[in-house]
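Working notes, structure below.
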Amino acid sequence: MNTKPFASGLSENAVMITRVADRQWHALDDDLVVGRGHAQHRPDGRLFVSIDAWHDAAFDRLAAAMLAELPAPLYTVVDEADVELTASWRRAGFTIRRREWEYVVPTDPRATGLEEVLPPSGVTIVPAGQADESLLRAVDRAIRDEVEATVGWESMPAEVVPRPEGDTIVDPSKYAVAAAPDHYLGLIRVVPVYRPRIGLVAVRAGEQRRGIARALLAHALGTLHRSGFATAWTEVHESNQAASGLFESIGARPMSSNLELVR
């Protein structure tokens, strides 16, 4: 345990910054917890930090203690509407790295306009849980390599689901795919928790503009609708105009935006 006193102004006592566990800190003011800090690795290996504090002074002292002990670079994510929290991280030396729009996506085919959408000739949609795992991993790797060679994988939605190091397929049962007779052309990942999240929809570069992504969405959203979900949600990087256009064309509405900051 590591405790450091700071001059506070919150009370007559000093704020004590205490490391209570590995990558966890508390800010104490007269034995009252007035802030908590936490750090954890995301699936892509980057180290993300978060702070929940009652006062600016507690936030700043937590940030100073954490930054002194954690290796750079460090990342954090904030709701762009939370101006005060964004300002707090910027005081700590963080700068905006990327912005993601969060969309609410209807599932009812009458709302999306996808009720008559079918995959192109020679392509079939394989439902989630039925894909061949080796072919699924092959198309995932190919798509990642194509994206990385062009706009960079950082332009895709942030991956927040824990997975084994080096394994880019979190759970094969969550993927539906667009299939040709001997290989896969595209995929969609949906995690149907309390509010289903479309974590990824992507198609091989040479197969784009054939309607495959729309067919994958039609299948996935229709499945959710039949399961009783009225909406899903997804994130789109602000620079990905093709993805924004695709989701907005089926009635998705941007509801909020998140900022990823880095120091």
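Throughout, read-outs are computed from the coordinates displayed, never taken from laboratory work. Since this is a predicted model, take the numbers as computed values, not measurements. Counting neighbours? That spans all protein chains shown, and the Cβs are built from the backbone with ideal geometry, glycine included.
With a cut-off of at most 16 other beta carbons within 10 Å, and DSSP calling the residue loop, which chymotrypsin sites (Phe, Trp or Tyr not before Pro) in region 22-122 qualify? Please list them.
Details: sites: Trp25, Phe48, Trp54, Phe59, Tyr75, Trp89, Phe94, Trp101, Tyr103; in loops: Trp54, Phe94.
Within region 22-122, the qualifying chymotrypsin sites (Phe, Trp or Tyr not before Pro) (loop, at most 16 other Cβ atoms within 10 Å) are Trp54.
Expressed as a rounded percentage, what relative contact order does the chain have, with Cα pairs under 8 Å and six or more residues apart? Walk me through the numbers on the way to the answer.
On the way: 498 pairs, mean separation 64.5, N = 263.
Relative CO of the chain lands at 25 percent.
What do you get for trypsin sites (Lys or Arg not before Pro) in region 180-209 restricted to DSSP loop and a cutoff of at most 11 other Cβ within 10 Å of the site's Cβ? All intermediate terms of the calculation are to be shown ahead of the outcome.
Numbers: sites: Arg189, Arg197, Arg204, Arg209; in loops: Arg204, Arg209.
Those that pass, being in a loop and sparsely packed, are Arg209.
Quickly estimate the mean residue ellipticity at 222 nm for the chain, helices only: each DSSP H run with n ≥ 4 gives -39500 (n - 2.57), and the total goes over all residues, rounded to 500.
Details: 6 runs with 68 residues, N = 263.
That calculation yields -8000 deg cm²/dmol at 222 nm.
Under a plain spin-label model, where a point goes 7 Å from the Cα along Cα-to-Cβ, how far apart in nm are Ile96 and Glu80?
0.7
Give me the extension gain from Val147 to Ala64: residue separation times 0.36 nm, minus the current Cα-Cα distance, reported in nm with one decimal. Walk me through the numbers on the way to the answer.
Values: separation 83, 0.36 × 83 = 29.88 nm, distance 3.65 nm.
Between Val147 and Ala64, full extension yields an extra 26.2 nm.
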